[in-house]
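Here is the structure we will look at.
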Amino acid sequence: MASVEHIETETPVAGEGVRRRDFINIAAVSFAGVGAVAVVLPLINQMNPSADVLALASTEVDLSAIQPGQAIKTTFRAQPLFVRHLTPDEIAKADAVDASSLRDPQTLEERTVDGKKQWLVTMGVCTHLGCVPLGAGEGENKGEFGGYFCPCHGSSYDTAARIRKGPAPTNLMVPEYKYTSDTAILVG
Amino acid sequence: MLRPALVAIGAFFTLMLLYSFGAGAVSYISEPPAATVEHEFHLPPKEVAFSFNGPLGHYDRQQLQRGFQVYKEVCSACHSLKFVSFRDLQQIGYNEAEVKAIAKQWAIKTPDVDPATGEMSTRDPVPADKFPKPFANNVAAAAANNNAIPPDLSLMTKARHHGSAYVYSLLTGYQPQPAELLKKFPDAATPPGLNYNPYFPNLNLAMAQPLVAEGQVTYTDGTKPTVDQMAQDIAAFLTWTAEPKLENRRSAGLAALVFLAIATGLAYAAYQNIWRDKKH
Amino acid sequence: MSFPWAEHYTPKAPVMKWLDERLPLPRLVYGAVGAGYPVPRNLNYFWNFGVLAGVALMIQIVSGIVLGMHYAANELVAFGTTEHIMRDVNAGWAIRYAHANGASFFFIVVYLHIFRGLYYGSYKAPREMVWLLGLVIFLLMMATAFMGYVLPWGQMSYWGAKVITGLFGAIPVVGEPIQTWLLGGFAPGNAALNRFFSLHYLLPFVIAGVIILHIWALHIPGSNNPTGVDVKGPQDTVPFHPYYTAKDGFGLGVFLILFSILLFFAPNFLGHPDNYIEANPLSTPAHIVPEWYFWPFYAILRAFTFDFFFVPAKLLGVVAMFASILLLFFLPWLDNSPVRSGSYRPLFKKFFWFGLIPCVLILGYCGGAPAEEPYVMLSQLASAYYFAHFLIILPAIAYFEKPLPLPNSITEAVLAKHGAKNDTDSRGLTPGAVPAE
């Protein structure tokens, strides 16, 4: 009497009836399974970002107040975002490097928008283990390549925020953004 | 030993309660409770045929937009809507650009910290913001409104019995105090500064009649803005603010019930099937 | 297990054999709710509610854990995070409504489960421990539900917390210090909200633990049945699986349909509008009522309007309210009629259906009504009957009642119902025909 099947065989009836009854039991259990999945899906989905979090998924940044040589720290998707107004000197320094010799080969052009080479927009998240590098604030250590320096494990980034020294595997990430006017960008 | 003790306890409670009942009944008969003015003159909400009534009703997006316009032009000067965001307006049929414009042009600004000076300041709301509150806090609200704090409206229709009809009835229910009431309860004259409304639980409320004349707002969809129409529209809008997921809920419920009906039918068949050979 | 003819677990799949030899969990489950638990064959639908209560607890635990991921127990934001769940969290509205209405359904099935036990004498020897543990679960449920209702921090939450902790304030001398200790302050606030959240999260797992004891204690004598007659042999029982799993599956379907109707189409029907107003310590709602499942006890609390010498009415009400639950712990010894099932007790049956049931319904109705006449008088009468029923009438019935003749066995009762002579397979059915049962 251990299971459904056992009971079926206890009272043998011609095949047709048994199969139909098996079918009912299997269908009932299958429906229960489908129902369970239908309940579990929203329970998993509730852990995804909620509507208010998604509403903050893009950030507008006004560039007009940032002088050449200055950088600002703002936030994008609850993480630091660095916007840096490069001086001609810094641009020249970045361009002087042979990109193919770098750990993560990229030129400054590739990391900025066409014709807006002086605006370097990157995430302020070190690609090593996610610390916030120094160098965006006034008077902070910019590291030996004049860009950003991560105090956690000593990664140094250059003026195009490319990794030059230290454990970080890739350059500081450039988020997706577009210019909404000459002096404003929309990140995300 | 235990049982007699328990029986004695039972007898004590029972006699005590019967005595209380007797005494209560005597005083109830000898001096019946006096009629109160609320009891005699408070009215239940009027019947209104909203599009969302009934288990399968839907919101009328046009009506919600009209109601939003009434909120914006009439209510929002005093009443906050603090749990609703501008971005939520997309659910009632505005597109992203319209929502952005509505937020930017909102008369009340969002409090913020000036990024340059660190001083408290304000900025234009953005779609992600909640509707800014008209008063910084309850003290300011009370000071500006003759000591009555205008309640937040986000959940108003769920915070009252028959909320949608209640809001409509209240807004259309202002009237002079009936002479009959004053004759019967001379002490119950509406105090100065309050307004008589039989749909309000204690009959007198601080809010003056907000919807006073036809044409108080101008509807862009050509609907005639009678007081009755405006009251219905704002009641509908506040029903949406309180229960924005009403339509999702009902359609999910329908799917769930259809599924469960089939599953339960199958479960019954399986149950009969398994018990086929057993009498019980 | 209790019956010698209970099936023993024999693992079929090699992996189950491997597991069974190292951790006999499959064996435990098999014996507890599988084919290894012989159950009387004549259980009616009232026996579905135990399993349904377990399902309700699971619904509460799962939805509650998920809500806890979004809720913040802080008086400044608790109400706002609740609204955040309702508006912005993916499917948050469904999860919260499921939790709020799930509490009501938990109480509905548990009340039906208790009334089944009361009518069929399931509290009597040898099942006293099952009954006592069940009451412990009931008390824990009440505490959990009360603290859960405080969490949204609406007006009813706040004033409910204030009034219920105020009950302890009625205790002479130590009452007020106890109330302050419970709240961690002089009125409900952050401290109270946080500890209620912590305990509200903890107690359901304690309940789950006591449920395991409850089921363990049940498996010693085995389930009661509508005749109240002991199981005499294998012919009186069927294995729990598949017979009662199938029946419970059907019961679960019906339960979920009713639950869905409330959840999706009237989710606030059992709630109170005032709890959609944020807590305000300076303004009391016109009419403070607890959730519906506390109404009978709330009515008893308010029924006491007279001081008894030096004992104030308030204290009497509090004592009576707790007594109304505690007296159930003595029930196995108050009712010493040798017959279990109410079906064979003509006098008991009359008092049950025409006394206790209306009395509890009246108490429930009055508990939800405002504290004015005639509701107070009605609840005084009904409370008087409540205490009389359990503490005076039940012991008395046992002396005066002449029970109806009991069937010799469960099988005999079943066969008498069907008018058949023997218990063999009754069908001379053509293959595939639907049995006419």
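The values are calculated or read from the model by the stated rules, or taken from the named source; none is laboratory data. Computed from a prediction, not measured in an experiment: that's the story for all the values here. Methodologically, a virtual Cβ is constructed for each residue, glycine included, from the backbone with ideal geometry; neighbour enumeration extends over all protein chains shown. Areas reflect the complete protein model, heavy atoms only, side chains present, ligands, DNA and RNA absent. Shrake-Rupley method; radii C 1.70, N 1.55, O 1.52, S 1.80 Å.
Table for the structure above
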{"read-out": "Yes/no for B:THR117 being surrounded by 12 or more Cβ atoms within 10 Å (Cβ to Cβ), of a type in the set (Val, Ile, Thr) and modelled with pLDDT under 95", "value": "no"}
{"read-out": "Matching residues in the stretch A:134-147 - criterion: being in contact (Cβ under 8 Å) with a residue 40 or more places away in the chain and over 11 Å from A:ALA71 (Cα atoms)", "value": "A:GLY146"}
{"read-out": "All strands (runs of 3 or more DSSP E) inside the stretch A:84-163 with 2 or more residues being of a type in the set (A, V, I, L, M, F, W, C), modelled with pLDDT of 90 or more and crowded, with 21+ Cβ neighbours inside 10 Å", "value": "A:119-123"}
{"read-out": "Positions within the stretch B:8-18 being at the interface with another protein chain (Cβ under 7 Å from one of its Cβ atoms) and open to solvent by 50 Å² or more (accessible area, probe 1.4 Å), in sequence order", "value": "B:ILE9, B:LEU18"}
{"read-out": "Every residue from the stretch A:164-182 that is under 20 Å from A:LYS116 (Cβ atoms), in contact with a strand residue (DSSP E or B) (Cβ under 9 Å, 6 or more places away or on another chain), part of a loop (DSSP other than H, G, I, E, B) and open to solvent by 60 Å² or more (accessible area, probe 1.4 Å)", "value": "A:MET173, A:GLU176"}
{"read-out": "Leading residue by the ranking (nearest to C:THR284 (Cα to Cα)) among those in the stretch C:170-183 that are open to solvent by 20 Å² or more (accessible area, probe 1.4 Å) and in contact with a helix residue (DSSP H, G or I) (Cβ under 8 Å, 6 or more places away or on another chain)", "value": "C:GLN179"}
{"read-out": "Pair list, Cβ < 7 Å and 6+ apart or interchain, from the stretch B:212-223 residues that are surrounded by 10 or more Cβ atoms within 10 Å (Cβ to Cβ) to residues that are charged (D, E, K, R)", "value": "B:VAL217/B:GLU73; B:TYR219/B:ARG66; B:THR223/B:ARG66"}
{"read-out": "So B:ALA107, is it among the hydrophobic types (A, V, I, L, M, F, W, C), open to solvent by 50 Å² or more (accessible area, probe 1.4 Å) and within 30 Å of B:ALA206 (Cβ to Cβ)", "value": "yes"}
{"read-out": "Subset of the stretch B:19-35 that is part of a loop (DSSP other than H, G, I, E, B) and more than 10 Å from every other protein chain (Cβ to nearest Cβ) - its residue that is surrounded by the most Cβ atoms within 10 Å (Cβ to Cβ)", "value": "B:ALA35"}
{"read-out": "Test result for C:VAL39, part of a helix (DSSP H, G or I) and within 14 Å of chain A (Cβ to nearest Cβ)", "value": "no"}
{"read-out": "Residue ranges of helices (runs of 4 or more DSSP H) in the stretch B:109-207 with at least 3 members within 26 Å of C:MET86 (Cβ to Cβ)", "value": "B:163-172"}
{"read-out": "Total residues in the stretch B:36-51, condition within 12 Å of another protein chain (Cβ to nearest Cβ) and not hydroxyl-bearing (Ser, Thr, Tyr)", "value": "3"}
{"read-out": "Residues located in the stretch C:304-318, provided they are assigned to a helix (DSSP H, G or I), facing another protein chain (nearest Cβ under 9 Å) and buried (at least 19 other Cβ atoms within 10 Å of the Cβ)", "value": "C:LEU316"}
{"read-out": "Selected residue [part of a loop (DSSP other than H, G, I, E, B) and either within 14 Å of another protein chain (Cβ to nearest Cβ) or closer than 24 Å to B:HIS161 by Cα (or both)] from B:TYR94, B:TYR59, B:TYR71", "value": "B:TYR59"}
{"read-out": "Residue selected from the stretch B:189-237 under the condition touching a strand residue (DSSP E or B) at 6+ places or on another chain (Cβ under 8 Å) and either more than 27 Å from B:GLN177 (Cβ to Cβ) or of a type in the set (S, T, N, Q) (or both), by the criterion farthest from the other protein chains (Cβ to nearest Cβ)", "value": "B:GLN209"}
{"read-out": "From C:LYS162, C:LYS124, residue being in the same structural domain as C:GLY50 (by TED's automatic domain parsing), charged (D, E, K, R) and open to solvent by 30 Å² or more (accessible area, probe 1.4 Å)", "value": "C:LYS162"}
{"read-out": "Criterion: under 20 Å from A:LYS178 (Cα atoms) and not aromatic (Phe, Trp, Tyr) - qualifying residue of A:LEU134, A:LEU54", "value": "A:LEU54"}
{"read-out": "Cβ-Cβ under 8 Å pairs, at least 6 apart or on other chains, the stretch A:28-44 side facing another protein chain (nearest Cβ under 9 Å), far side outside any helix (DSSP H, G or I)", "value": "A:PRO42/C:ASN90; A:PRO42/C:ALA91; A:LEU43/C:ALA91"}
{"read-out": "Count of residues meeting criterion [surrounded by 15 or more Cβ atoms within 10 Å (Cβ to Cβ) and either closer than 23 Å to A:GLY130 by Cα or not assigned by TED's automatic domain parsing to the domain that holds A:THR180 (or both)] in the stretch A:57-67", "value": "3"}
{"read-out": "Residues within the stretch B:238-280 that are among the polar types (S, T, N, Q), more than 7 Å from every other protein chain (Cβ to nearest Cβ) and open to solvent by less than 40 Å² (accessible area, probe 1.4 Å), tallied", "value": "2"}
{"read-out": "C:HIS214 of a type outside the set (Ser, Thr, Tyr) and either farther than 30 Å from C:ASN48 by Cα or away from every other protein chain (no Cβ under 14 Å) (or both)", "value": "yes"}
{"read-out": "Pairs where the first residue, in the stretch B:169-186, is at positive phi and the second is at pLDDT 95 or above and surrounded by 18 or more Cβ atoms within 10 Å (Cβ to Cβ), C-beta under 7 Å, 6+ apart", "value": "none"}
{"read-out": "C:ALA103 open to solvent by 10 Å² or more (accessible area, probe 1.4 Å), under 30 Å from A:VAL53 (Cβ atoms) and away from chain A (no Cβ under 13 Å)", "value": "yes"}
{"read-out": "Some residue of the stretch C:224-245 being assigned to a helix (DSSP H, G or I), among the aliphatic types (A, V, I, L, M) and open to solvent by less than 30 Å² (accessible area, probe 1.4 Å)", "value": "no"}
{"read-out": "Failed criterion for C:ALA56 (all others in (1) within 13 Å of chain A (Cβ to nearest Cβ); (2) surrounded by 22 or more Cβ atoms within 10 Å (Cβ to Cβ); (3) in a helix (DSSP H, G or I) hold)", "value": "(1)"}
{"read-out": "Selection from the stretch C:262-295 of residues that are facing another protein chain (nearest Cβ under 7 Å) and surrounded by fewer than 18 Cβ atoms within 10 Å (Cβ to Cβ)", "value": "C:PHE265, C:ASN268, C:ALA286"}
{"read-out": "Test: residue in the stretch C:192-211 that is under 30 Å from C:ALA286 (Cβ atoms), open to solvent by 10 Å² or more (accessible area, probe 1.4 Å) and among the aromatic types (Phe, Trp, Tyr)", "value": "yes"}
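The rows are residues; the columns are (1) surrounded by 15 or more Cβ atoms within 10 Å (Cβ to Cβ); (2) over 25 Å from the mean Cα position of the chain (by Cα).
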| site | (1), (2) |
| --- | --- |
| A:VAL37 | no, yes |
| A:ASN45 | no, no |
| A:ALA55 | yes, no |
| A:GLY69 | no, yes |
